[in-house]
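Report on the structure given below.
The values are calculated or read from the model by the stated rules, or taken from the named source; none is laboratory data. Computed from a predicted structure; not experimentally measured. Cβ placement follows ideal geometry from the backbone for every residue including glycine, while neighbour counts extend to all protein chains displayed. These accessible areas exclude ligands, DNA and RNA; they are computed on the full protein's heavy atoms, side chains included. Shrake-Rupley method; radii C 1.70, N 1.55, O 1.52, S 1.80 Å.
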Amino acid sequence: MSAMGEAVDRDQFIANVRSAVEAVSRRSHELASPVRRRDGGPAGEDRFLLFRDCLEFAGGQAHRAAGSEKLREILGQIIAGRNRLVAWGEDLPAGTRQVLSEFGVEWLPPLTLSPSNAEQGIPPSITEAQVGITGALLGVAETGSVVLASRPGENLLIASLSSIHVVLLGIDQLVVTLGDAFVRVPAMFPEGLPGNVAFISGPSRSADIEQSLAIGAHGPMEVHVIVISS
Amino acid sequence: MANRIPDLLLRSERAISDSQLQRAIDFATSRLRDHRAKIMPRMKGWEEMREQARELRLHTLAHLDEYLEALERKVMQRGGHVFWARDAGEATQYIIELASRRRVRDLVKTKSMVTEEIGLNKSLEQNGIHPVETDLGEYIVQLAGETPSHLIAPAFHKSKEQVAEIFSRHFGTSIPAEVKTIMGVARKELRGKFLAAPMGITGANFAVAETGTLVLVTNEGNGRLTSFLPPILVSILGMEKVVPRLADLELLLNLLVPSATGQRLTTYVSLLSPPRGPHETRGPQEFHLIILDNGRSSILGGPFADILTCLRCGACLNVCPVYQKIGGHSYGATYTGPMGAVLSPLLSELKNHDSLPHASTLCGACAEVCPVKIPFPDLLIGLRQSQVRQGKAPFGQSLVFSLWSWLWSHSRRYAFSARLARAFWPLLGNGRKFPVVSGWASGRDLPPPAPRTFRDLWHERNGRSRG
Ligand code: SF4
């Protein structure tokens, strides 16, 4: 493959841009180092409270489970007798798989998952899931977001296609600012960012008809984040 | 579409006399203004952030060639294709050829102003390729056969009754005018399209040069499905949207989203670095990035380059007294409101949008809300000036202004004009019947000239001497 992109005339394109910017002094605007607040922000339970406040502002719900018993209770309320449950088995906080299994979730990946069978389309366990459960890389307190990456990708499908998305997150996975996330995430993938890194803040919504907010456009109608002590 | 001043006025008059449209514009713009106002207390250091973002955007523009080449390198390293499109024709041609090579007939698409700008949907349809808009507002606009009327609320000009009617006609069954029901119908229909489409087309809010990553900011979730499910992904990037570093996104997202919708962050922010990597089982296997110039390089480095720092948040539309009266369609251009009044005439030389810089009262509300501090009144006045210099101003207007400046640039002539105005006041219909500028005068009340001028009074007080 050539080292350059295609174009009817690539070099002409770049030359146009270059001669335009050379008309102004390039030095007139220096590149400052990225703007970040570095005070660390609230920690521990206060950080969780900030996260909860911001996630609620975005229309989602945050829960705090200090132990398995509490987790069982919260999950019971969210699942509320629904039976099409799917969970992504990797990236979950330690000790949560056992509790999830008690609810009879269907686990992904099945042992046979490989890139080739992924090509066979999206399994109905995902497209028809009422409740989809995943872990996440991080939670961002000041925006109420969870961050998921396409490693390998089924987790993102669950997050996109199920009606209710439940995220299990360790309390030490919460960062304060978006800027913290933009530093932490690339550091987790030294070989380069995954194809898709998704910041998810609450349920899917649209205000396109008469500006009235309606929840559940193309993605989940409910988003619950359960923050667990490890 | 012709866009001389009379055309603009005609469309505006039509919009102003449409009471349903007036209610809709009022409602949408005031909602969006309220949302923005409500989030502001949460945004600490806002003014400082605007300043920093303006510097960052201007720096990027001053080094645009370097950042674009860095972006190209990164995307190609990952196995993506990069196509440099100098104009709309080259961009659409590339997509059409790619689609026919891959035998694509139906594809899904996200809301993207840049695809509106290049008239992509029409070109695709003419070549037997059917794009489906997946943003609810755009989907409504597409089914109605119209164009979007706002940067972030493309269908606000439709009432829910009108939307229900459009849907009922399209699906051949009666659909009630309830937002929930309409959304449910769209969700079900479009879910099928996402799962089946061989190709997805998106725009991009930003592209990070450092990592070759595109950023899509959406609320509905259509953006992430369009960019994740179909095996082929095509993204079109207005070349000014490149960002130096991943870490710069914090600042830009913190400004863009609160300004646009009053949210702290949109529901979904997708960082896309396609195609899928070796450890990934999902995501597009083929990726094409189209970098579009289409008139931007002729703005760059010129006196109006500031407009290229725009983040497309739409805040300036919502506060503009002209936009609030005439709505988006009256502008007769892809980009509307204050940002469109500057960008549209500069972008396309073929379509004549010279009337648009005049669609402003120069009140400056746009500059006040703009998250990257684009100096609006200056740009609008500058555009008007350059029209006059190029001899583009209408003859009547030039004549009036030359006469006026001749008359008032000397004290004797000024005094004479005041006497003249007093003498002929009744003949001028008390200030409402001016020759040449009758259109301008009919909507305004000119105060009657005072019976005695300030100068007369001054001289009377200080004796008659004319020192
Ligand atoms: S000009 Fe400023 S306020 Fe208007 S859309 Fe662009 S960024 Fe937003």
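Tabulated values for the structure
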read-out	value
Mean Cα-pair separation over length for region B:238-376, i.e. relative contact order, pairs under 8 Å, 6 or more apart, %	23 percent
Using a Förster distance of 35 Å, the FRET efficiency for residue B:395-residue B:419 (Cβ separation, nearest 0.05)	0.80
Computed over chain A: relative contact order in percent, which uses C-alpha pairs under 8 Å that are six or more apart	24 percent
Chain B: mean projected area of Cα convex hull, nm²	27.5 nm²
Gap separating the Cα centres of region A:150-195 and region B:108-183, nearest whole Å	32 Å
Contour excess over end-to-end distance, with Cα ends at residue A:33 and residue A:212 and 0.36 nm allotted per residue	60.4 nm
All-pairs Cα distance distribution in chain A, expressed in whole percent, bin size 5 Å	1, 6, 12, 15, 16, 14, 10, 8, 7, 5, 3, 2, 1, 0
DSSP bridge orientation in the protein assembly as shown - percent antiparallel, rounded to nearest 5	30 percent
Nearby aspartates and glutamates by direct alpha-carbon distance to residue B:44 (threshold 16 angstrom, same-chain neighbours under 8 apart not counted)	A:39, A:142, B:250
Cβ-derived FRET efficiency at R0 56 Å, residue A:19 paired with residue A:69, nearest 0.05	0.20
Helix B:160-171 axis, angle to chain B major axis (alpha carbon atoms, nearest 10°)	40 degrees
Shielding by partners - mean other protein chain Cβ count within 10 Å, residues of B:76-83	3
Average Cα contact separation per residue, region A:115-230, under 8 Å, 6 or more apart, as relative contact order %	30 percent
Rough spin-label spacing in nm, given labels placed 7 Å along Cα→Cβ, for residue B:37 and residue B:285	5.4 nm
Within the accessible area of region B:160-217 (1.4 Å probe), percent carbon and sulfur	53 percent
Peptide-level mean, for B:213-222, of C-beta atoms on other protein chains within 10 Å	6
Cα-based helix-to-principal-axis angle, A:178-188 vs chain A, degrees rounded to 10	90 degrees
³J(HN,Hα) computed for each position of region B:25-42 - Karplus, 6.51 cos²θ - 1.76 cosθ + 1.60, integer Hz, glycine/proline x	5, 3, 5, 5, 5, 6, 4, 5, 5, 4, 4, 5, 4, 5, 7, 4, x, 7
Spin-label pair residue B:147/residue A:9, simplified geometry with 7 Å Cα→Cβ offset, distance in nm	2.8 nm
Beta bridge orientation in region A:42-229: antiparallel %, DSSP, nearest 5	25 percent
Cα long-axis angle, helix A:10-22 against chain A (0 to 90 degrees, to the nearest 10)	80 degrees
Exposed GluC sites (Glu not before Pro) absent - longest run of chain B, DSSP non-H/G/I/E/B, at most 13 other C-beta within 10 Å	B:1-177
Theoretical FRET efficiency, 1/(1+(r/R0)^6), r = Cβ-Cβ of residue B:73 and residue A:102, R0 56 Å, to 0.05	0.65
Restricting region B:1-80 to trypsin sites (Lys or Arg not before Pro) in coil, as DSSP defines it, with at most 16 other Cβ within 10 Å	B:4, B:44
Under 27 Å from residue B:180, Cα to Cα: lysines that are on another chain or at least 8 residues apart	B:38, B:109, B:111, B:158, B:160, B:188, B:193
Cut-off under 5 Å, modelled amide H: who pairs with residue A:106 long-range	A:85, A:86, A:87
Other protein chain Cβ atoms within 10 Å, averaged over every residue that makes up A:172-179	2
